[in-house]
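Data block below; observations after.
The values are calculated or read from the model by the stated rules, or taken from the named source; none is laboratory data. Bear in mind that the values here come from a model prediction, so they are computed numbers and not experimental data. SASA here: full protein model, heavy atoms, side chains in, ligands and nucleic acids out. Shrake-Rupley method; radii C 1.70, N 1.55, O 1.52, S 1.80 Å.
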Amino acid sequence: MSNEIARKLYSQEFKRNPYPILHELLEQGPIVRSKFPFLGNVWMVSSHAAVNEMLKDRKRFVRDPASLGKKQKGYFPFWMPRSLRVMASGMILRDEPDHRRLRILVEQAFARRSLELIQPRIEEMADELIAEMQEKHRSTGKPVDFMAEYAQRFPIAVIAELLGLPEADRPKFAFWAEKFAIEPNLIGFLKLVPSIGKIEKYLRSQIQLCRNSPRPGLMTELVQAETEGQRLTEDELVAMAVLLLFAGFLTTTHLIGNGMLELFRHPDQRERLLRDDSLMESAINEILRYTSPVQFTKPMRAAEAMNFYGVELKKGEILMAVLAAANVDPTVFENPDQFDISRKPNPHIAFGAGIHVCLGMKLAKLEARVSFQKLWSQLKNLELAVAPEEIQWSRQKGVRGPQSLPIRFEIVSSN
Ligand code: HEM
């Protein structure tokens, strides 16, 4: 079935109930060969131990094909459209030392202390969106789509604010992110190019505006790093802004959407959480483990020939860490398919590991905490308006979350 795995991992059936397929993969061994559209042969690394080892070993595994000593400069070959090559200069596709040079420029903004400063504004934005949802439910009398009205809009609002991008532009980001829901083949990939071109043009104009008149936000700080210290090129700046915008958007949308869905599906766990807020941190970790909003990492490459968990790898071969499988590995997690908000310990790997471990994990957890606390306390008698089996899942590849989540709650009179 190994060649079948890639197809299965992309299916709606898998999104609805991933556990049987993930266990099927794990039972085949920690590293299994499969064929992926566009990438070709890929080794899927699935056990918790092998995934951790691969992501943390930057000597034997690299991201950038250019690190393999080939002639190719950069992630994509020279004949690929320039806009794609610009986007690929982001740190998520780079190895050391370039990765560190870039990551250090933004790390401070995502540290706990910086987030504490913006928490009041994040809470305000959540309140605004909840009030809008209430108004919409009151005026239409119909269920509200939680994904469209809150889970998508909230992370965009937060990341746009952090970058210092104009509020009026937020709907554009959502529109562009939709375009990333491509078919996983070369044609689908090339269809992306016009949207990427538009994003690039927009961001270059924002960079120019920040240069002319600096404004609060990370974008201006990065522009200053570019001009003063020449610590990053303009292409790298564009790639960083795209990475932050999109890495921080649909991932968090799905964490919040999946979290709400699992809390609807598990009323006993929900009651425990609503009674005892000290369970919030472990509940969010369990939502991350149980639903793996990011299902697998960007591809890695073997930097040398080696034997890895019993498999002979050739230099340059492609590997993919299946985080969703590692997160249900029965050798690490007891009753892995059970949703338990007080699970301890919970060494999930939903944010990846090693040098590319998620930069925004504290922000994502903060957004989830603020959302769950406010939604369950402000929306009385909150419930799902459809049966869980009727939920449509996002078509986006490699991420898992509902496409829409109709909800209803008590309508409070506006006066
Ligand atoms: C629940 C929400 C999130 C999840 C599950 C998630 C997951 C991940 C994972 C698995 C990686 C590693 C990818 C790889 O190795 O290929 C990653 C990297 C990254 N994430 Fe997140 N992420 C989330 C939210 C965010 C947020 C809010 C931001 C903020 C902007 C963010 C920014 C990044 C960046 C910049 C990287 C690349 C880091 C690097 O290459 O050094 N993420 N994330």
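With springs only between Cα atoms under 10 Å, which of Ser89, Ser292, Ser213 fluctuates most in a Gaussian network model of the chain? Judging by the Gaussian network model, the answer is Ser213.
Altogether, the Stokes-Einstein calculation at 10 °C and 1.306 mPa s, with the Kirkwood radius of segment 226-267 over Cα pairs as Rh, returns a diffusion coefficient of 126 µm²/s.
Partners of Lys365 within straight-line reach, counting lysines whose Cα lies under 21 Å from its Cα and excluding those fewer than 8 residues away in the same chain: Lys344, Lys374.
Classify segment 2-408: rounded, prolate or oblate, from the alpha-carbon gyration tensor (a ≥ b ≥ c, eigenvalue square roots; a/c under 1.5 rounded; otherwise prolate if a/b is larger than b/c)? Don't skip to the answer; put the middle values down first.
Working: a/c = 1.65, a/b = 1.10, b/c = 1.49.
Because a/c hits 1.5 or more and a/b fails to exceed b/c, segment 2-408 counts as oblate.
Using a probe radius of 1.4 angstrom, the carbon and sulfur fraction of the accessible surface of segment 197-282 is 52%. Between Asp268, Asp64, Asp235, the GNM of the chain built on Cα springs shorter than 10 angstrom shows Asp268 fluctuating the most. Can you tell me what share of the DSSP beta bridges in the chain is antiparallel? A percent to the nearest 5 is fine. Of all bridge pairs located within the chain, approximately 85 percent are antiparallel. Where q = 0.19, 0.25, 0.26 Å⁻¹, what log10 of I(q)/I(0) comes from the Debye formula for segment 131-179, counting one point per Cα? Calculated log10 I(q)/I(0) at the listed q: -0.68, -0.94, -0.97.
Over the chain, give the accessible area per residue in Å² for a 1.4 Å probe, as an integer. Please report the intermediate quantities before stating the final value.
Values: 18690 Å² over 415 residues.
With all protein chains present, the chain gives 45 Å² per residue.
Relative contact order for segment 2-408: what percent, with Cα pairs under 8 Å and sequence separation of 6 or more? Before the final figure, lay out each step's value.
Numbers: 594 pairs, mean separation 102.4, N = 407.
25 percent.
Pairs from the list Lys70/Lys314; Lys8/Lys298; Lys56/Lys315; Lys15/Lys191; Lys35/Lys397; Lys8/Lys315 with a Cα-Cα gap above 22 Å: Lys15/Lys191; Lys8/Lys315.
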